[in-house]
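One structure is given below, encoded as structure tokens.
The values are calculated or read from the model by the stated rules, or taken from the named source; none is laboratory data. None of these values were measured; they are calculated from a predicted model. Virtual Cβ from ideal backbone geometry, glycine too; neighbours counted across all protein chains shown.
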Amino acid sequence: MKFADSSNPELTKFEKKVNEFFETISGLSLFSILFLKNIFKPPYEIEQIRKHMDELGIKTLPIVSVTGFIIGLVLTMQTQPVLARFGAEAFLPGSVGISIVRELGPVITALIFAGRVSSGIGAELGSMRVTEQIDAMEVSAINPFKYLVVTRIFACTFILPLLTVYVIFIAFLGGYIAVVLVQNMSIEYYTGAIVRAVQFGDAIPGISKTFVFGFIVGVVGTYKGYTATNGTEGVGRASTTSVVISSLLILLFDMVLVKITLWLWPTV
């Protein structure tokens, strides 16, 4: 299966880049449509989905744990002197909590997830494509798209929100460590301030958009790997471009989703 081809030798380098960009966008769109068509068709490969969710979640925990802790620590240490300038240090836990829940936690977790998972999926499926393992599955009457692609996209879509919730709590822990370092504040006051500041309308938008980010990571990684060509060189290119494209799309979609979530769940 091939969704894009920009191998016209008469095109200039710039024209090829532009052509490749639009081919990638159209290819991802067709790939997403094909995913939606196959997700409701049996067999559902529940065991494969569980396996991928377990692998993607467990293997990503160490790096997102460190990332979440550093987010909370650094954000608190940077915010404290600014609030102290206006005599508003009592608002430090609440302001940090809202920033982490609404934006920093979901977006940074998604970017780390894209770098860790999207490249791995692209390299894995790319290797299977260039070694003709996917072709062998088709000959064996196995639907490779359903078995390899749908399961991975589904797993990415639903594991990222769980990782995001975990990162948010780790970031709160890092924030408390920073608070202890810069000012005398009890854990009871810190947690109470966060609970009072972070409302339902703050948590739901931040967690909800990670489903979209997870879908983006899964679609880009599987698309680049599934359509890889040119042997090992193509596998490396699939792995690299998966990270770049998924990270870029996460940031672009975040701009749109922020506006939508502010409209659905206003902050005031």
Filtering the stretch 233-268 down to residues that are in contact with a helix residue (DSSP H, G or I) (Cβ under 6 Å, 6 or more places away or on another chain) and charged (D, E, K, R) yields Asp254
When the residues of the stretch 140-154 are filtered to those that are over 17 Å from Ala123 (Cα atoms) and either β-branched (Val, Ile, Thr) or at pLDDT 90 or above (or both), which remaining residue is surrounded by the fewest Cβ atoms within 10 Å (Cβ to Cβ)?
Ile142
Note on Ile187: of the conditions (1) crowded, with 23+ Cβ neighbours inside 10 Å; (2) within 24 Å of Glu89 (Cα to Cα); (3) not basic (Lys, Arg), unmet is (1)
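Okay, residues lined up against (1) surrounded by fewer than 13 Cβ atoms within 10 Å (Cβ to Cβ); (2) of a type in the set (Ser, Thr, Tyr); (3) at pLDDT 90 or above; (4) in contact with a strand residue (DSSP E or B) (Cβ under 9 Å, 6 or more places away or on another chain):
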residue: Lys16; (1), (2), (3), (4): no, no, no, no
residue: Glu23; (1), (2), (3), (4): no, no, no, no
residue: Ser26; (1), (2), (3), (4): yes, yes, yes, no
residue: Ile33; (1), (2), (3), (4): yes, no, yes, no
residue: Gln48; (1), (2), (3), (4): no, no, yes, no
residue: Leu56; (1), (2), (3), (4): no, no, no, no
residue: Met77; (1), (2), (3), (4): no, no, yes, no
Ser95 out of contact with any Cys (no Cβ under 7 Å at 6 or more places or on another chain) and farther than 23 Å from His52 by Cα:
yes
Can you say whether Leu173 is more than 30 Å from Tyr44 (Cα to Cα), outside any loop (DSSP other than H, G, I, E, B) and hydrophobic (A, V, I, L, M, F, W, C), as far as the supplied structure shows?
yes
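Which of the residues that make up the stretch 162-205 are of a type in the set (D, E, K, R) and touching a residue at least 24 places away in the same chain (Cβ under 8 Å)?
Arg196, Asp202, listed by residue number.
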Quick one: how many residues across the stretch 79-117 are surrounded by fewer than 20 Cβ atoms within 10 Å (Cβ to Cβ) and aromatic (Phe, Trp, Tyr)?
2
Can you tell me which residue in the stretch 128-139 is surrounded by the most Cβ atoms within 10 Å (Cβ to Cβ), limited to those that are part of a helix (DSSP H, G or I) and without any contact (Cβ under 8 Å) to a residue 60 or more places away in the chain?
Met137
Leading residue by the ranking (farthest from Val195 (Cα to Cα)) among those in the stretch 76-95 that are assigned to a helix (DSSP H, G or I) and over 31 Å from the mean Cα position of the chain (by Cα)
Arg85
What pairs come out if I take residues in the stretch 227-254 that are among the aromatic types (Phe, Trp, Tyr) and pair them with residues that are part of a helix (DSSP H, G or I) whose C-beta lies under 9 Å away, six or more apart or interchain?
Phe253/Lys209; Phe253/Val212; Phe253/Phe213; Phe253/Ile216
Filter the stretch 219-239 for residues that are polar (S, T, N, Q) and either surrounded by 15 or more Cβ atoms within 10 Å (Cβ to Cβ) or under 19 Å from Ile108 (Cα atoms) (or both); the one that is farthest from the chain's Cα centre (by Cα) is Thr229
Check on Phe69, closer than 30 Å to Asn143 by Cβ, at pLDDT 95 or above, surrounded by 13 or more Cβ atoms within 10 Å (Cβ to Cβ) and out of contact with any Asp or Glu (no Cβ under 9 Å at 6 or more places or on another chain):
no
Conditions: (1) farther than 16 Å from Thr109 by Cβ; (2) at pLDDT below 90; (3) of a type outside the set (Val, Ile, Thr); (4) in a helix (DSSP H, G or I). Pro205 meets all but one. Number of the miss?
(1)
